[in-house]
Amino acid sequence: APGFETLITALFPRGDKYLKSDAVFGVKTSLIVDLEDVTSDEEARAKGFESGPFKLLQQDFVLVRHEEAKKARAERAAKTVPDEAKVEGR
């Protein structure tokens, strides 16, 4: 969306057999989602499928404006610089 930071993420279905074998340590509790089993052909057609069953994911994402992200990054960077480096002008 124009004016907002780009969001790149991955979501992981709860109970997936690969959750505990994540080689890059990308699985975080906040990224594990519940998928709803939907068997209704009527609901399937309403979502663009010919028929059920299918899995439904409902998830909200909050986007951050560029200005907010820039400010947050600057604040975080300032907190990570050791005090002696600030004093010495590094």
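The values are calculated or read from the model by the stated rules, or taken from the named source; none is laboratory data. Since we're looking at a predicted model, the values are computed, not measured. FYI the Cβ positions are ideal-geometry reconstructions off the backbone, even for glycines, and counts take in every protein chain you see. Side chains are part of the model used for accessible areas, which takes the heavy atoms of the whole protein and leaves out ligands, DNA and RNA. Shrake-Rupley method; radii C 1.70, N 1.55, O 1.52, S 1.80 Å.
Could you grab me the full set of residues in region 1-46 that are open to solvent by 60 Å² or more (accessible area, probe 1.4 Å) and among the small types (Gly, Ala, Ser)?
Matches in region 1-46: Ala1, Gly15, Ser21, Ala23, Ser30, Ala46.
Report, by residue number, each residue of region 1-60 that is under 28 Å from Ala72 (Cα atoms) and of a type in the set (Gly, Ala, Ser).
Ala1, Gly3, Ala10, Gly26, Ser30
Restricting attention to region 15-40, report how many residues are β-branched (Val, Ile, Thr), under 21 Å from Phe61 (Cα atoms) and in a loop (DSSP other than H, G, I, E, B).
Matching residues across region 15-40 total 1.
Out of Glu50, Glu84, Glu43, I need the residue that is modelled with pLDDT of 90 or more and part of a helix (DSSP H, G or I). Which one?
Selected residue: Glu43, the only one of Glu50, Glu84, Glu43 that is modelled with pLDDT of 90 or more and part of a helix (DSSP H, G or I).
Out of all the residues in region 47-69, which are open to solvent by 90 Å² or more (accessible area, probe 1.4 Å) and either aliphatic (A, V, I, L, M) or in contact with a Phe, Trp or Tyr (Cβ under 8 Å, 6 or more places away or on another chain) (or both)?
Within region 47-69, Lys47, Val62, Arg65 qualify.
Kindly list, by first and then second residue, each pair from a residue in region 56-79 that is over 27 Å from Leu11 (Cβ atoms) to a residue that is open to solvent by 100 Å² or more (accessible area, probe 1.4 Å) and part of a helix (DSSP H, G or I), limited to pairs with Cβ atoms under 9 Å and residues at least 6 apart or on different chains.
That search, which allows pairs on different chains as well, returns Ala78/Lys86.
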